[in-house]
Amino acid sequence: MRRSAFVHLLDLAGASTLAIHAVTQMRVTVTSDVVRLIRWFDQPVELETALSELAEALGSDPATVRACALMLLERGILSDLTAEQEHQATTRVMTGVHGRDPTAELDRYRRSHMEGAHPYWAVEAPHALAGATGLRRRLDVLLLGDCDVQMEADFLRREAARRGVDLRAAASFASDIELARERRHDAIIIGALQARHAIVLGDPEHHNGDPARVYVEAVETLLKKLRAITAAPILIDGLPEPTVQPLGYADRGIHSHRNRFRRTNLALAQCAETFPDVHLVDVAAALGAAGSATLLDDGLVSFTHFGSAGWMLQRPANELAAVHHQFPDMQPLADHVGGDPYRREAVMARVHMDTLSIALALERKKCVIVDLDGVLWPGVLAETGSPFAWTPEIGGPNSYVGLYFGIHEALRMLRRRGILLACVSKNDEATVRALWQYQQHDPRHRLLRPNHFVSSRINWRDKAENIRSIAEELGFPLDDFLFVDDSARERERIRQTLPDVAVLGEDLFALRRILLTDPRLQPSRLTEEAAQRSELVKAQLDRSKLRASLVDESSFVASLAVVSTVEQLAVETATPVVLDRIRELIARTTQFNATGRAFALAELRRLIDSGEGKVFILRMRDRLADHGLVGAAVVVAGEILNFVLSCRVIGLDGERALLAAIIDSARGQVPELLGRILATDRNIPVRHLYADNGFTDCGQGCWAMALSLPELTDSIETMFKIADRLVPDMAPAVP
C-alpha cells in the first residue's frame, strides 16, 4: 500500500489535519497519529510485514493499526495500486464512457464516493487511530435536507461507532433525489423541507382549512420520487414544536402557530403509513425530552428556521460584516446552551440511530432473561414471604412500590411486542412458586406471573450455565439475549463468561425506560405472530417434550396432525401486515435462512405488483398451536433469492410443502429452478434443503432442478406416439 498520489494533507487548528483526495474530493479530518500513519506510506509498504514496526512507532497495537489503515484504504487516502495503475484508473474516470461528457462523468464518480456534509455545514471530529476498531457492520446512509441534517452527519457517524457500526453518511439537499440513484445506501434520512415555512403563512382559509397540506404534499411528492428509485428504508423527520409563538398567549385555537406544527406532525404520521418502509422520526419528542428551549433557535432568530441556538456561536467571522463587525458578547448565549453549541446534533444523532436500528433490525434481541430477587420484587422472596407488602393504606401505587410495578409492566409490554421472557434465579424453585402470589389489591393486570415466562431456571446452579441452557432450549444464539440482574457480581460474571449476551441492571431507576425505549427491543410494527410469540414458543417446547417421549420422528410428527398451507401472494393479498411479517421473519431468522438476503417492504411490494417476482408464504398449525406465518420464499427469474423458516417449526416438514409449491409454480415457466445456500455459522439446519428435495449440486453453494417446458414435453410425447404407431416393437415407452 502507498499514499495516494492525489491526496493532500492540510494542517488545521487544534492539532488535526485534513486529508483530501483531489479526484474524488473525499475529505477526512484526522488526528496527528493518523497523519503519521499516512506519511509512513509515502513510499510503498507491505502492510502485514510492517505492522509490528508501525504499531511500535505509533504506540499502538497491530490490530488497531491494521483497522485504521484499511479505513484509509477504503476512502482512497491510501491505495493498493501502483502509481501508474492509479493514474490509469483516474484517466478512465476522467475520460468517461464514450459519448458522455467527461466533466459529468467525473461529477458522477465523485457523487458515488461522496461522504459527509456540504462544506459550509461540515462539523467533523477528527478520525483517531483507534476509531476504526470494534466496528462490526458498515451502514451507508443518505441525508437529504438543509442544515438540520447536514450538520448532524458526523455526529451520526460517531453515535453509530459507539454502537459498533461503521456508518458512512452522504448529505445533500432534499431536491437532490438523484443521489439515491448514484450513491450506495442502506437507508435515507430526510430532514425538514423548505415547505415548512408555508405552514405559518396566511389564515386557515388560505390553506383550505388545512395549513399542513402544503408541507405534507411536498413530503408525499419527495417520497414518491424516492420510491421510484430505491426500496431502502426512509426516515422522515417530523417538525419540532415551536418554543415561542408570534402572538404569545393570544395565539390560540386549533390554527395557532404551535398547533399548526402539531397538526402537520399528525398528518405526517398518517402519510408515512401509506408508504412501505417509511418511518416517522418524532423530532418534537426527542428535543422536548432534552429541553427544546436550548436546542431550537425560534426564540433567537426566526419562527420557522428550527436550527440550533448554538449555531450562532459557530458562525464564520466573515459573516460579521453584515452587522458592521459589531455584535454583543455571546457569553450569555453560550451559558444558555450549556457551553455545547452542537448538543442538538448529538440528540438528533441518537434518535436517528435508534430509528435506523429499529428499521434495519440491528442487533435485535429475541429474549430478555431476568433475575427475580431484587428486580421483580424487593429483597429475597424466600425471606420476605411475598413479592410486595403494599396496601393502599400504606401509600399509592406510584410510591416506592411503583418502581417494581413499573418494571413488571415494561416487561409485559415487551411480551406484547413479540419478545420472549425467561428467568433465572438462585433459589429453591418450589419455594419461589409457592410464594409468587399477589394480593387482591395488587395491580395484577400490570404484574408478571410465572406463566408469562417461556422458560425458567430457578435452582442453585451458575447463572451463566442456566443462560446457556435456555439458549439451547430455545435454539437461539447467545447474542439474541439480554440479561437483567441487580447484582454487580452476577452481571460481571455474565459479561466475562458470555460476552455475546447484553447485560442490564446497573440502575433500576432507569431500567423501565431502557426496556421501553432500547431500539434492540423494538419491532418497527406489531404483527399478529409477534403478539402470540410467547404462546407459540411454549407450544414449540411442548412439542420438544412430546418428541422426547415418542420412539421415532415419524410417530412424533404424525401425532401432531400438522397442517401446512402455502400461498403465492397476489396484489390484493399482499397487505402491509403480511409484508411486514415477511420482512420481520427474514430479518429475525438465522438458522433456517438460505442466503441471508433481506428485503425492504418497498422491494417486496414492487416484486408482487409488477409481476417481476413471486413471494410465497407458509402458514402452519398443529394440535398444540396455530403457528401462523412461519415460512417465506422470494423467487425472481427462476432463482430462489431466499428461503426462510421459523425455528419454531423446524422438523415439521413445512419446508417441503413450501418448496414443492415453488417447484409446481415454476414448471412450465422456466427450464430450471435455482437455489443457493450461503453457509454461516448459524444456518446449519438449512444446509440440506435442496439436497433432500431433488436438486443437483452445481458447486459454490448453488443448486439446480431441471424443469420441463410444456412445449418441449408435448413435442417429445408426440414423437413417441408417432414412433409407436410406425414401429411398435422398437418405440420406447413415454416417460
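The values are calculated or read from the model by the stated rules, or taken from the named source; none is laboratory data. Remember, predicted model here, so these are calculated numbers, not experimental data. Cβ coordinates were reconstructed from backbone atoms using ideal geometry, including for glycine residues, and neighbour counts include every protein chain displayed. The accessibility values were calculated without ligands, DNA or RNA, using every heavy atom of the protein model including side chains. Shrake-Rupley method; radii C 1.70, N 1.55, O 1.52, S 1.80 Å.
Viscosity 1.567 mPa s, temperature 4 °C: give me the Stokes-Einstein translational D for the range 294-366 in µm²/s, with Rh taken as the Kirkwood radius over C-alpha pairs.
Calculated translational D: 89 µm²/s.
Using just the alpha carbons, could you tell me how many Å³ per residue the convex hull of the range 267-388 encloses?
Value for the range 267-388: 223 Å³ per residue.
Sorted by accessible area with a 1.4 angstrom probe, largest first, how do Tyr215, Tyr109 fall?
Tyr109, Tyr215
What fraction of the DSSP beta bridges in the chain is antiparallel, stated in percent and rounded to the nearest 5?
50 percent
Taking every eigenvalue of the Cα gyration tensor of the range 74-207, multiplying by 5 and rooting it, what semi-axes result, largest first, whole Å?
33, 23, 11
State, as an integer percentage, the relative contact order of the range 390-498 based on alpha-carbon contacts under 8 Å between residues 6 or more apart.
Answer for the range 390-498 is 27 percent.
Can you tell me the length gained on complete extension of the stretch Glu205 to Val244, counting 0.36 nm per residue apart and subtracting the Cα distance?
11.7 nm
Using only DSSP helix segments of four residues or longer, with each worth -39500 (n - 2.57), what per-residue ellipticity at 222 nm results for the chain after dividing by its residue count and rounding to 500?
That calculation yields -11500 deg cm²/dmol at 222 nm.
Computing the accessible area with a 1.4 Å probe over protein heavy atoms, can you report the carbon and sulfur percentage for the chain?
So the carbon and sulfur contribution to the accessible surface is 53 percent.
Are there cysteines in the chain with no other Cys C-beta under 4.7 Å, and if so, which?
Cys68, Cys147, Cys271, Cys367, Cys423, Cys647
Gap in Å between the Cα centre of the range 390-410 and the Cα centre of the range 157-194?
44 Å
Using only Cα atoms, what is the ratio of the radius of gyration of the range 471-511 to 2.2 N^0.38 Å?
Cα Rg divided by the expected 2.2 N^0.38 Å: 1.20.
Between Glu105 and Arg416, 0.36 nm times their residue separation minus their Cα-Cα distance comes to what?
Working it through step by step, the gained length comes to 106.8 nm.
With each label point set 7 Å from Cα along the Cα-Cβ vector, what nm distance links Arg181 and Glu473?
Each label point is offset 7 Å from its Cα along the Cβ direction, giving 5.6 nm.
Take every Cα pair under 8 Å in the chain that's 6+ residues apart, average their separations, divide by the length, and report that relative contact order as a whole percent.
It comes to 7 percent, rounded to a whole number.
What's the ranking of 231-237, 434-440 by average number of surrounding C-beta atoms within 10 Å, highest first?
231-237, 434-440
Taking the alpha carbon gyration tensor of the chain, what are the square roots of 5 times its eigenvalues, largest first, to the nearest whole Å?
Ellipsoid half-lengths, sorted descending, are 46, 40, 30 Å.
For the range 519-673, rounded, prolate or oblate, judged on the Cα gyration tensor with a ≥ b ≥ c (square roots of eigenvalues), a/c < 1.5 rounded, else prolate if a/b > b/c?
oblate
Using only C-alpha atoms and all pairs of different ones, pull out the Kirkwood radius for the range 174-286 in Å with one decimal.
14.9 Å
Quote the charge dipole size of the chain about the Cα centre in Debye, to the nearest 20; the model charges only the Cβ of Lys and Arg (+1) and of Asp and Glu (-1).
960 debye
Please state, to two decimals, what the Cα-based radius of gyration of the range 144-236 comes to when divided by 2.2 N^0.38 Å (N = residues).
1.26
Accessible area of Ser175, 1.4 Å probe, to the nearest 10 Å²?
Here the accessible area works out near 110 Å².
What is the Cα radius of gyration of the range 1-59 over 2.2 N^0.38 Å, N being its residue count?
1.17
Among the lysines, which have Cα under 23 Å from the Cα of Lys365 when same-chain residues fewer than 8 positions away are ignored?
Those lysines meeting the cut-off are Lys463, Lys538.
So, R0 is 41 Å and r is the distance between the beta-carbons of Arg449 and Ala561; what FRET efficiency does that work out to, to 0.05?
Efficiency, from the Cβ-Cβ distance: 0.85.
Just grab the label-to-label distance for Leu12 and Ser112, each label 7 Å out from Cα along the Cβ direction, in nm (one decimal).
Label at Leu12, label at Ser112, 2.8 nm between them.
Can you give the Rg/Rh ratio of the range 386-448, where Rg is from the C-alpha atoms and Rh is the Kirkwood radius?
Using only Cα positions, Rg/Rh for the range 386-448 is 0.99.
With a 1.4 Å probe and all protein chains in place, put Val432, Val577 in order of accessible area, largest first.
Putting Val432, Val577 in descending order of accessible area: Val577, Val432.
Return the whole-Å distance between the Cα centroid of the range 567-608 and the Cα centroid of the range 634-659.
Here the answer is 12 Å between Cα centres.
Specify, per residue and in Å³, the volume enclosed by the convex hull of the alpha carbon atoms belonging to the range 1-139.
It comes to 122 Å³ per residue, whole-number rounded.
At a temperature of 10 °C and a viscosity of 1.306 mPa s, determine how fast the range 239-295 diffuses translationally according to Stokes-Einstein, using the Kirkwood radius over alpha-carbon pairs as Rh; express D in µm²/s, rounded to the nearest whole number.
127 µm²/s
How much length is gained if the chain between Asp697 and Lys545 is pulled fully straight, taking 0.36 nm per residue apart and subtracting their Cα-Cα distance, in nm to one decimal?
51.2 nm
Of the options Asn259, Ile189, Ser555, report the single residue whose Cα projects farthest towards the positive end of the charge dipole of the chain (beta-carbon charges: Lys, Arg +1; Asp, Glu -1).
Ser555
Could you sort Lys224, Lys366, Lys538 by accessible area so the largest value comes first, with the probe set to 1.4 Å?
Lys224, Lys538, Lys366
How high is the relative contact order of the range 375-444, given as a whole-number percent (alpha carbon pairs under 8 Å, six or more residues apart)?
It comes to 47 percent, rounded to a whole number.
Using a 1.4 Å probe, what is the accessible area per residue for the range 156-307, in Å²?
Value for the range 156-307: 42 Å² per residue.
Where the centre of each part is set by its Cα atoms, how far does the range 282-341 sit from the range 38-116, in angstrom?
Using only Cα atoms, the two centres lie 39 Å from each other.
Which cross-chain or sequence-distant (5 or more) residues have an amide H under 5 Å from the amide H of Thr595, H modelled 1.01 Å from N in plane?
Excluding prolines and chain starts, which carry no amide H, the hits are Phe643, Leu678.
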